[in-house]
Each structure stands twice: as C-alpha cells, then as structure tokens.
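Student: After the structure tokens below, expect a handful of questions from me.
Each reported figure results from applying straightforward, stated rules to the coordinates on display, with no laboratory input. A quick note: this is a predicted structure, and the numbers were derived from the prediction, not measured. Cβ: placed from backbone, ideal geometry, glycine included. Neighbour counts: every protein chain shown.
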C-alpha cells in the first residue's frame, strides 16, 4: 500500500500534532494573561510578531512567498474579521474556565450551515441536525451547571457568550482563509494574514493608548520573550501542519481532529489554573465537541 505512509504520517498524524499544538497554545495564552497579568494588547502583538518571524522563515524556505493582489485582499478581509475574533477569544478564556468557553467554538459549524444555505442553497443532512442537537444539549447542560454553582437562574457565563460571538466571527473569517489559501499557497497566505493582523492590532493600540504606554508594551515583550517565541512557533507550526493535512486527507477529518483536541486544554486547565467543577461540566463539554465532530464528518 504505497499511499498509506503519507496518509498516516503527513495526513492524520499532521492533524493530530496540530491539534495538540493548538491546545498547548491555549494554555500559553491563558498563562500570559491570567498568571503573568499581561495586557491583552501585549499578548496579541507579542505572539503574532513572534509568529510572523517563524512564518517568514518557513515561507522563504519553502519558496511560497507571494505578492498576488487577490491573496492580499482575501487576507485583509479575513484579518479584519479574525483580529476581533482572536481578541475576544483571548478575553473569553482569561475571564472564564476553559470548560465554559472552548466548547462553544463548536457553534462555528452551526453558523456555517445557514451561510451555506444562503450562498450555495445546500440544506444540512440528517446527521448534521443530530450534531446541532448535541451542541444545543451541551449548551444547556453547561448553563445548568453554571446556574447550580452560583445559585442563580439558568444562564450562560460571560465567557461563554463571548465565545459564541467568536464562533460566528471564525465562521466568516474561515471562508476568506480558504479562498486566500486556494489563491496562492498555505504559507504564502498565512504570511499576509499574520502581517495584516499585526498591523490592525498596532493601529488599534496606537489610537487607544498614550505614547508613554509604549514602554509598558516593550517591557512586556522583553520580560517574556521566551514564552512569546514558544507560542509564536507553536501557532505557526500548528497552522502549517493543519494546512498540510488538508492536502492529504479530507478537510473534514482534519478539522474534526482539531476540534477534538480542545479536550487537552480543558482537562489540563483544571490542574494548571485550578479550574473547578470539571467533572460536572464534562458531559456538556463532550456533547458539544461530539456534536461538532458529527457535523464535520457526516453533515
């Protein structure tokens, strides 16, 4: 079976390693904001400046650099959407436990279903409806546990609500990422996406802070350069591996593996950040992640 090796070691293995790397990146992000008490702007700029360094090295090494105007346009539109989504994502996991936030990324696929109907007139298959039902059931379970813990009426936590917005933004931004990758190459598009996200964050930071606050920004970089290098390398390598997996196995399989990998920070978060009540929340977490996998694979 000559084609088995690339499928196992460049396809599924690449997707599994990428899923692990993305899970570790979630832990690094929360460590920098919650444990090190760094401002969101410092963490976002620090990790993307580091990421663009590694991305440029990979891009030039693979000879995938591009100046295609269409690729840059797709990257700009995607960056405008994703920069807000990434900021809200970081805020969500900082203010709430992983088990109350990351499962809500499953709604990315729920939001994609009506978008696909509007654009392509495609209705979801029956398994997709089962997946949606599982996600909804998990949502209600997490809200129920949250209300029991705080002795209040049923509600979703603030972090959960923020992550719902993130899921919607990711569903939009992901569409432009796909178009941009198809217009050039994975690394060629990724370089422009990272570059434009950095420029957007710098512009927002410049308008929203005073000049003397730049010292605090650079101090944050200087005092935490090693974690920033690590998270930049992890994010870039994870994205590259995932895009390589797309070219070998079905995209649905790769994304399903990536979503299932969220269980890693959810479980480790209970130990590293003293997050409570994981066992009570776990049925809802598994329902939501399982529902996402069903939609991806069969819907």
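Student: So for the pair residue 272, residue 158, with labels modelled 7 Å out along Cα→Cβ, what separation do we get in nm?
Tutor: For residue 272 paired with residue 158, the spin-label model returns 2.3 nm.
Student: Using a simple spin-label model with points 7 Å from Cα along the Cα→Cβ vector, what separation in nm is obtained for residue 37 and residue 62?
Tutor: 4.0
Student: If each residue of separation counts as 0.36 nm, what is the full-extension length gain between residue 136 and residue 219 once their alpha-carbon separation is subtracted?
Tutor: Difference between extended and current length: 25.5 nm.
Student: By counting other Cβ atoms within 10 Å of each Cβ, how are 243, 80, 163 ranked from fewest to most?
Tutor: 80, 243, 163
Student: Tell me, what is the percent relative contact order of the stretch 4-298, built from C-alpha pairs under 8 Å that lie six or more residues apart?
Tutor: 43
Student: Compare 79, 15, 125 in a GNM of the chain, Cα atoms joined below 10 Å, and give the one with the largest fluctuation.
Tutor: Per the Cα network of the chain with a 10 Å cutoff, 125 tops the list.
Student: Something else: Under a crude label model (7 Å from the Cα following the beta-carbon direction), how far is residue 12 from residue 144 in nanometres?
Tutor: Here the answer is 3.5 nm between the modelled labels.
Student: When the chain is treated as a GNM, springs tying every alpha-carbon pair under 10 Å, which of 148, 280, 259 comes out with the largest mean-square fluctuation?
Tutor: Highest fluctuation of the listed residues: 148.
Student: While we're looking at this one, here's another question. What fraction, in whole percent, of alpha-carbon pairs in the chain exceed 33 Å separation?
Tutor: Of all Cα-Cα distances in the chain, 23 percent exceed 33 Å.
Student: At 0.36 nm per residue, minus the direct Cα-Cα distance, what do residue 165 and residue 280 gain on full extension? Give it in nm, one decimal, please.
Tutor: 38.9 nm
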